[in-house]
1. Can you find, within segment 572-612, the residue that is modelled with the highest pLDDT among those that are part of a loop (DSSP other than H, G, I, E, B) and open to solvent by less than 10 Å² (accessible area, probe 1.4 Å)?
2. Taking Leu246 and the conditions (1) of a type in the set (A, V, I, L, M); (2) crowded, with 18+ Cβ neighbours inside 10 Å; (3) within 21 Å of the chain's Cα centre (by Cα), which numbered condition does it fall short on, given that it satisfies the others?
3. Mind listing just one residue for me: the one in segment 95-124 that is within 25 Å of Ala35 (Cα to Cα) and among the hydroxyl-bearing types (Ser, Thr, Tyr) and, of those, farthest from the chain's Cα centre (by Cα)?
4. At least 1 residues that are of a type in the set (Ser, Thr, Tyr) and in contact with an Asp or Glu (Cβ under 9 Å, 6 or more places away or on another chain) in each: list the strands (runs of 3 or more DSSP E) lying fully within segment 1-81 that qualify.
5. Condition test on Glu120, is it outside any helix (DSSP H, G or I), open to solvent by 20 Å² or more (accessible area, probe 1.4 Å) and either among the charged types (D, E, K, R) or touching a His at 6+ places or on another chain (Cβ under 6 Å) (or both)?
6. Would you confirm, using the coordinates I've provided, whether Gln457 is over 27 Å from Gly303 (Cβ atoms), free of Cβ contacts under 8 Å to residues at least 40 places away in the same chain, polar (S, T, N, Q) and part of a helix (DSSP H, G or I)?
7. Of everything in segment 537-556 that's in contact with a strand residue (DSSP E or B) (Cβ under 9 Å, 6 or more places away or on another chain) and open to solvent by 10 Å² or more (accessible area, probe 1.4 Å), which residue is nearest to Lys405 (Cα to Cα)?
8. How about segment 491-511: which of its residues are assigned to a helix (DSSP H, G or I) and either acidic (Asp, Glu) or in contact (Cβ under 8 Å) with a residue 60 or more places away in the chain (or both)?
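The values are calculated or read from the model by the stated rules, or taken from the named source; none is laboratory data. Since the model is a prediction, treat every value here as computed from it, not as a measurement. No Cβ is skipped: glycine too gets one built from the backbone with ideal geometry, and neighbour counts run over all protein chains shown. Areas reflect the complete protein model, heavy atoms only, side chains present, ligands, DNA and RNA absent. Shrake-Rupley method; radii C 1.70, N 1.55, O 1.52, S 1.80 Å.
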Amino acid sequence: MCGIVGCIGIEDTWNFLISGLKRLEYRGYDSAGMAIVHDHQLSSCKAVGEVHNLEVESCESMPRRGSVGIAHTRWATNGGVTVKNAHPHLDGSNEIAVIHNGIVENYEILRAVLESEGVEFRSETDTEVIAHLISKLYEDDLTEAVRLAAKELRGTFGILVVSSREPDTIVAARMGSPLVMGIGDGFTVFASDTPAIIGRTNQVMYMNDGEVVCARRDGYRVYTLDKTPISPKVEALDQKLESIELGDFPHYMLKEIFDQPQALSMTMRGRIRPEGNDVHLGGARLTVDEMRSLKRIIIVACGTSWHASLIGKYIIEDLLRIPVEVEYASELRYRNPIVRPGDDLAIFISQSGETADTLAALRELKRKGARTFGICNVVNSTIAREVHSGLYTHAGIEIGVASTKAFTAQVVALMLLTIHIGRARDMSSFMAEDLIDAMQAVPRLIDQMLAKERLEQIQTIARDVVARSTRNFLYLGRGFNFPVALEGALKMKEISYIHAEGYPAAEMKHGPIALIDEEMPVVVIAPRDRIYDKVMNNIQQIKARKGHVIAVTTEGNTELDTIADHVITVPQVMAPVMPLLTVVPLQLLAYYVADMKGLEVDKPRNLAKSVTVE
């Protein structure tokens, strides 16, 4: 949610800010703005809508070069989508500019105090409070004013501040909202996520909560909010420019669907032992005794990661016989969860590693004594740093808001963890070997599923959906494929804006069957497995009510050819691995429907990639 970019010592300041914002568009936003200090003058510009609008608006009005610059894409929280509410926000003298990600929970109290002192506000936002508070505390040291102001704020923030009074200074502060600093030869850059700075430098420092950075042309200093100096950890940024480029694909979502074979290979890379019946997870840091003593696993996530978690539950309970609870982070954080230290392992799954609800749940369960384990895609993200142990999916940067390769990589990560724990308990080498062999075959099988003729088949189904002006979808699955039904429905509603619901197939007759008629397409995931006959019975019930069936089944099964309206086949694999294949045509179906409707596939309305506020 929202994007932050800033720089000092960059010659082409305006270009850097605009290009950085464009690289962060996937995070979701509704307005954009920038501020540049040049010759001791602070200039700012804002625009509603796309970054392109800001680019046009600021092209003539803003200096191309400046000593410092900051830019922001806003997703409205406090205050509507207007130019006055866009960032940056200035103080009363127009000498200080602030951009901010997060929510200031005590802004109403602070605003009332400032207004009582004669401060006039120009916007409806919580962020403007920060600018006026810094101005009130500013004497001759911008960094000190930001530090003191930050101590007054309650909630979450990642902020960048510049002032015409100190034209060679940019100050950053973080509490709960990610900021990364890039360090180059004579320059320093800031961003809320690494794509904005890829190609400028590969030396980065990930800011921690409660830190303040003062960057000048001659270097930078890092402090705590209590003014204690810190020696920061500078790391190499192992990301290439080509990882965020579209190449020949029309949208990032389609590119990332095609990325899945490589992404899953990267998730497994270096983690399968040579003998092929065990895995090595260097970051897991769970002792054999800890794994053997596990009595319960709690998996905490949101959205797509919650669906991956549910697949993990089915796999772990089926293969390890350990009870698993899958919790929505947003619900868990406000409950009083039962934690049994020594018996429980809490797993937190987040693509970005910054999801606000998941992070809050992590901190609550840690406080209660749980052993914590993270599964994240973004290296050095907050969740990755705060868990006791974990593993990275290494799926590569995912820019499309509707997650695809991150989902399948999370499922593979849960499979690897299942084997790791299982081999410490009573999982046989034969079972581990069978599961590993099946997992390693998946990248090749997905490649086959992405062949031209298979894509054309799904495009034909999508054209039919659009031609029917479909307004509702039902997705059904059983066992390991029930979470896939949920994920398929989520993809359809996220990017095509068609209402879609996922259900366990057997639950259809407990309510949803009332909706089925010739206008209702029903996607049924029906691989040839031990409950195939039960799912077939559901399909017959749908057809008896004139429902329109899109069936996903395994290759070689011709029984559905004369029953379903459309049949999509996937290769036959063992049941726990099947979700990695059955989800792919559902991703493609959602993509093609949205594309044929002429919608913004990569940037669906009202959604953000990294949800860093509640």
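1. So the first thing to find is which residues in segment 572-612 are part of a loop (DSSP other than H, G, I, E, B), and the list is 572-574, 578, 597-612.
Those left that are additionally open to solvent by less than 10 Å² (accessible area, probe 1.4 Å): 578, 601, 604, 610, 612.
Details: Met578: 97, Val601: 94, Pro604: 89, Ser610: 60, Thr612: 56.
Filtering segment 572-612 for residues that are part of a loop (DSSP other than H, G, I, E, B) and open to solvent by less than 10 Å² (accessible area, probe 1.4 Å), the one modelled with the highest pLDDT comes out as Met578.
2. (2)
3. It comes out as Ser123.
4. Fully inside segment 1-81 and qualifying: 68-74.
5. Numbers: outside any helix (DSSP H, G or I): yes; open to solvent by 20 Å² or more (accessible area, probe 1.4 Å): yes; either among the charged types (D, E, K, R) or touching a His at 6+ places or on another chain (Cβ under 6 Å) (or both): yes.
When the stated conditions are applied, Glu120 passes them.
6. Details: over 27 Å from Gly303 (Cβ atoms): yes; free of Cβ contacts under 8 Å to residues at least 40 places away in the same chain: no; polar (S, T, N, Q): yes; part of a helix (DSSP H, G or I): yes.
Taking the combined requirement at face value, the residue does not satisfy it.
7. First pass over segment 537-556, keeping only residues in contact with a strand residue (DSSP E or B) (Cβ under 9 Å, 6 or more places away or on another chain): 538-539, 542-543, 547-556.
Going one step further and asking which of them are open to solvent by 10 Å² or more (accessible area, probe 1.4 Å), we end up with 543, 548, 555-556.
Numbers: Lys543: 33, His548: 29, Glu555: 23, Gly556: 27 Å.
Among residues in segment 537-556 that are in contact with a strand residue (DSSP E or B) (Cβ under 9 Å, 6 or more places away or on another chain) and open to solvent by 10 Å² or more (accessible area, probe 1.4 Å), the one nearest to Lys405 (Cα to Cα) is Glu555.
8. Step one: of segment 491-511, the residues assigned to a helix (DSSP H, G or I) are 491-496, 505-510.
The answer is Lys491, Met492, Glu494, Ile495, Ser496, Glu507.
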